[in-house]
Amino acid sequence: MEELLEKILAACEPFVRQGKLADYIPELTKADPNDLGICIQSSDGRMRHAGDYHKCFTIQSIVKPILLLQALMDNGIASVRQKVGVEATGKPFDGINYTEQALLSDHINPMVNMGAIAICTMIQGRTYQEKFQRLLSLTKRLACNPDLSVNEAVYLSEKRTGNKNRALAYLLKTYGMIEDDVEQVLDCYFRACSIQVNCSDLANIGFTLANHGRLPISGERIFPSEYGSYVNAILMTCGMYDGSGEFAVNVGVPAKSGVGGGIMAVVPTRMGIGIFSPALDEKGNSVAGIQVLKQLSQKLYLSIF
Ligand code: GLU
């Protein structure tokens, strides 16, 4: 398997030159656009890796399924579904999807920024610090990594420049979809996006989603199976932004990308995959990362379709 991974990385390496680092969060431009790494956590309990798998990067939007899981664990499916819809918007991750002068829960989903910002308000906790700490604890458990922390430089960089997200959050507030103080909600969202991870963290998170809540190795169940189905279904239709349809056709597994260059893929019952390559296409997805997944899917028959 390691040999196969090395071969696929070598074949996909030229694709890094087709992408561009995200620069709307200035700190993200410090990444090396040539990095490409992968980890796979399989059901035989082994972690396989290749390339720049040990490099750290910020989780960015890959925290969205974890935010959703935390909200489901705290409130149940019915309450979450009432507040944030599940339909693909077909719009960019930071798009505004509203019609007839109204913004409704069905216009957003948990994998786009507006939906994820609304989901932050559903995490239990007396303060936003407490809500964030609970989210960080869940992320550590899913990643099987007690040392995860926030990359302060990226967090401060996005907090300073994240005016589009500020606008989205105020729109949510205008339409009564969030009640709390907008800056506090956003602070939680920006911190969540700035959690620093590596490919093996993403592979472990993906594995637990692939196994409906069971952690790798120990097999301990940390969330109910139906929450796994809920999250994976939304990842399948909305996880790769407005490139989700194409990804479903070419790769065919639930996945989530982030503008830090990470992709987490969920191969039901079989494996969790973590990829890092920060050169992105115009939709915000890692160009080489998608190519690696496409080849891997063909070789290992990963598509669920
Ligand atoms: N923190 C980023 C933002 O809100 C996350 C976007 C992403 O990874 O898609 O713009």
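The values are calculated or read from the model by the stated rules, or taken from the named source; none is laboratory data. Here the structure is a predicted model, which is why all the values come from computation and not from measurement. Here Cβ is always computed from backbone atoms with ideal geometry, including for glycine, and neighbour counts include all displayed protein chains. Note: areas computed on protein heavy atoms with side chains; ligands, DNA, RNA excluded. Shrake-Rupley method; radii C 1.70, N 1.55, O 1.52, S 1.80 Å.
Of the solvent-accessible surface of the chain, computed with a 1.4 Å probe and all protein chains present, 50% belongs to carbon and sulfur. Across the cross-link table entries Lys20/Lys83; Lys140/Lys299; Lys20/Lys159; Lys159/Lys294; Lys20/Lys299, which are compared at the Cα atoms, the separations over 24 Å belong to Lys20/Lys83; Lys140/Lys299; Lys159/Lys294; Lys20/Lys299. Judged by the mean number of other Cβ atoms found within 10 Å, the most tightly packed of the peptides 249-255, 107-113 leads the ranking 107-113, 249-255.
What are the GluC sites (Glu not before Pro) within the range 1-77 that DSSP puts in a loop, where the Cβ has at most 13 other Cβ atoms within 10 Å?
Numbers: sites: Glu2, Glu3, Glu6, Glu27; in loops: none.
Nothing satisfies the criteria.
Each pair of Cα atoms in the range 124-273 enters the Kirkwood radius, and Stokes-Einstein at 10 °C and 1.306 mPa s then converts it into a translational diffusion coefficient of 96 µm²/s.
Give the whole-number value, in cubic angstrom per residue, of the convex hull volume spanned by the C-alpha atoms of the range 240-305.
Values: hull volume 4.4 nm³, N = 66.
Cα-based convex hull of the range 240-305, divided per residue, equals 67 Å³.
For the range 169-209, the spread of Cα coordinates along the three principal axes comes to 40, 19, 12 Å, biggest extent given first. Peptides 193-199, 215-221 ranked from most to least packed by the mean count of surrounding Cβ atoms within 10 Å: 193-199, 215-221.
If you average 1/r across every pair of different Cα atoms in the range 188-305 and take the reciprocal, what Kirkwood value do you get, in Å?
Result for the range 188-305, one decimal place: 14.2 Å.
Placing R0 at 41 angstrom, the Cβ-Cβ distance between Tyr24 and Val249 gives a FRET efficiency of 0.90 after rounding to 0.05.
I'd like to check one number: the per residue accessible area of the chain, probe 1.4 Å, reported in Å² as a whole number. Present the calculation step by step, with values, prior to reporting the outcome.
Working: 12150 Å² over 305 residues.
So the chain comes to 40 Å² accessible per residue, rounded to a whole number.
Pull out the extension gain between Thr174 and Ser218, defined as 0.36 nm times the separation in residues minus the alpha carbon to alpha carbon distance; nm, one decimal.
Working: separation 44, 0.36 × 44 = 15.84 nm, distance 4.55 nm.
Computed gain between Thr174 and Ser218 is 11.3 nm.
Counting only DSSP H runs of at least 4 residues, each contributing -39500 (n - 2.57), and dividing by the residue count of the chain, the helix-based mean residue ellipticity at 222 nm comes to -13500 deg cm²/dmol.
Which trypsin sites (Lys or Arg not before Pro) in the range 1-64 pass both tests, a DSSP loop state and at most 15 other beta-carbon atoms within 10 Å?
Arg46
Per-residue counts of other Cβ atoms within 10 Å, averaged by peptide: what ranking do you get for 269-275, 286-292, 77-83, highest first? Each step should come with its number before you reach the end.
Values: 269-275: 24.3, 286-292: 27.6, 77-83: 14.1.
In decreasing order of mean packing, 269-275, 286-292, 77-83 become 286-292, 269-275, 77-83.
Around the amide H of Asp180, modelled in the peptide plane, lies no amide H under 5 Å away from a residue 5 or more places distant or on another chain. The tail of the calculated P(r) for the chain, taken as Cα-Cα distances beyond 30 Å, holds 24 percent of the pairs.
Take the Cβ atoms of Met1 and Glu226, set R0 to 25 Å, and the FRET efficiency comes out at 0.20.
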